[in-house]
Amino acid sequence: MSTSSAEAGARIEIVLVKAGRTKLRYPASVVCDDGTRLSVRAPWAAEGVRDFGFVRFEPGDVFTEHYWRDRWYAVKEVRDAGSVLKGWYCDITRPAVVADGEVLSEDLDLDLWLSADGATVLRLDEDEFAESGLAERDPEAAARALAALEELELLAKLGRFMSLID
């Protein structure tokens, strides 16, 4: 597979990396790829239920995930088994690397949640980000991560979030 684009309908492996280790690996189907943004669809890939308090991810949920090769985040639309929108979970990441049938996404610990009705915007895991030591190891990456979080939060609060994925 080339790094420029993936064909719609093709199977691709999503590889989520955190702190240098593979956190999760799962298959997905390519929805579209314009060479900058790759969109895939995959069922909930983790074991059992993950209850965050503000949302539950569970078997039957379907994620439409958007990865950018030039942006420091990934946006994941979450729907339940009946296709009811739960909201959007955004991972702050390094730009995605798409090659050899894989999408490599490096999680930088910061996250944002936007509820389906747009009323709830939550910044998540800022404590994990601070504890990660990224600001000391790679100040430029830390600054880009924080700027990405700010960008997503602003778009969500201004009601312009959907412009990212339309």
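The values are calculated or read from the model by the stated rules, or taken from the named source; none is laboratory data. The model shown is predicted, which means the values in this text are computed figures rather than measured ones. As a convention, Cβ positions derive from the backbone with ideal geometry for all residues, glycine included, and neighbour counts pool all protein chains shown. Accessible surface areas use protein heavy atoms only, side chains included; no ligands, DNA or RNA. Shrake-Rupley method; radii C 1.70, N 1.55, O 1.52, S 1.80 Å.
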- Nearest-0.05 FRET efficiency for SER163 and LYS23, computed from C-beta distance (R0 35 Å): 0.75
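Count charges around ASP109 for me, please; just the other residues with Cβ under 15 Å from its Cβ, Lys/Arg as +1, Asp/Glu as -1.
Details: positive: LYS18, ARG21, LYS23, ARG94, ARG123, ARG137, ARG144; negative: ASP91, GLU106, ASP107, ASP111, ASP125, GLU126, ASP127, GLU128, GLU131, GLU136, ASP138.
Residues close to ASP109 contribute a combined charge of -4.
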- Note on the structure: Output row, site ALA130, 7 Å Cα→C-beta label point, backbone N cut-off 16 Å, window segment 100-118, residues 109-111
- Item | Sites excluded, GluC sites (Glu not before Pro) in DSSP loops with at most 12 other C-beta within 10 Å, longest stretch of the chain | 48-166
- Message: Using a probe radius of 1.4 Å on heavy atoms only, what accessible surface per residue do you get for the chain? Whole Å² is fine.
- Response: 50
- Task: For segment 39-51, just list the computed ³J(HN,Hα) in residue order, Karplus coefficients 6.51, -1.76 and 1.60, θ = phi - 60°, integers in Hz, with x standing in for Gly and Pro.
- Result: 10, 10, 10, 8, x, 3, 9, 8, 6, x, 9, 10, 9
- Summarise the accessible area of segment 10-166 (1.4 Å probe, protein heavy atoms) by the percent that is carbon and sulfur. 50
- Note on the structure: In Å, the Kirkwood hydrodynamic radius from C-alpha pairs for the chain sits at 16.2
- Note on the structure: Here P(r) for segment 116-159, Cα-Cα distances in 10 Å bins, as whole percents, is 25, 45, 23, 6
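Kirkwood Rh, Cα Rg: Rg to Rh for segment 5-96? Write down the numbers at each step before the final one.
On the way: Rg = 13.0 Å, Rh = 13.7 Å.
We get a ratio of 0.95 for segment 5-96.
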- Item | Nitroxide proxy distance, nm - points 7 Å out along Cα→Cβ at GLU7 and ALA119 | 4.6
